[in-house]
1. Can you work out which of the residues in the stretch 75-125 that are β-branched (Val, Ile, Thr) and in a strand (DSSP E or B) is nearest to TRP60 (Cα to Cα)?
2. Kindly indicate whether any position in the stretch 36-54 is aliphatic (A, V, I, L, M), more than 24 Å from ALA155 (Cα to Cα) and either part of a strand (DSSP E or B) or open to solvent by less than 50 Å² (accessible area, probe 1.4 Å) (or both).
3. Show the residue pairs that are 6+ apart or on different chains and have beta-carbon atoms under 9 Å apart, the first residue being within the stretch 39-63 and within 15 Å of LEU137 (Cα to Cα) and at pLDDT 90 or above, the second being in a helix (DSSP H, G or I) and open to solvent by 40 Å² or more (accessible area, probe 1.4 Å).
4. Could you check, for the stretch 119-126, whether at least one of its residues is without any contact (Cβ under 8 Å) to a residue 12 or more places away in the chain and not β-branched (Val, Ile, Thr)?
5. For the subset of the stretch 141-164 comprising residues that are touching a helix residue (DSSP H, G or I) at 6+ places or on another chain (Cβ under 9 Å), closer than 22 Å to GLY45 by Cα and assigned to a loop (DSSP other than H, G, I, E, B), which member is least open to solvent (accessible area, probe 1.4 Å)?
Amino acid sequence: MNRSVSLWQAALLVSFLMSVLPAAQASEETSAATHPQVLIASHRGSVSHAPENTLAAFRWAESIGADLVEADLRVAKDGSLVVIHDARVNRTTNGRGEVRRLPLTALKALDAGDGELIPTIEETLAFVRSSRIQLLLDVKDSRGIDAEALVAALAQQRVADQVL
């Protein structure tokens, strides 16, 4: 698993920093109303410090002060909602195959790196509930995901106000 920062990621970070530096350098007398709050987001939790889209990556992002983590949501063969970016498990785990063709039990048997597992939406939301961090959820397979099940999971975990 390659955890190095790619050239485009570095360019994106530099671009972002260049856009917020003028606001950060504004005088203290400038009102907060004229400069929106800057939020620090951690893409897939962290790809350089922990396996992406895992609870370890989300915990790391929170530990360094990120305001929110972006996570990707897909549906397993049995309808379970899992947090994984790619349509196939090949790149990010020790397994092979399409997420939508594997049941949750098979997905949970895979190593997502450093002994981490592919988290379910319930596990991810439980982490969010117990933390101060917000979750930016990127639904990757919108036709396959049961929106009612997702809304029910948000309600059950009482995190609707922490999830975008």
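1. Checked the stretch 75-125; the qualifying residue nearest to TRP60 (Cα to Cα) is VAL83.
2. The answer is yes; a qualifying residue exists.
3. Cβ pairs passing all conditions: SER42/TRP60; SER42/GLU62; HIS43/GLN9; LEU55/GLU123.
4. No, the conditions are met nowhere in the stretch 119-126.
5. My answer is VAL159.
The values are calculated or read from the model by the stated rules, or taken from the named source; none is laboratory data. As the structure is a computational prediction, the values presented were derived from the model and not from experiment. For neighbour counting, all protein chains shown are included, and Cβ atoms are generated from backbone atoms with ideal geometry for every residue, glycine included. Surface areas here come from the heavy atoms of the whole protein model, side chains and all, with no ligands, DNA or RNA. Shrake-Rupley method; radii C 1.70, N 1.55, O 1.52, S 1.80 Å.
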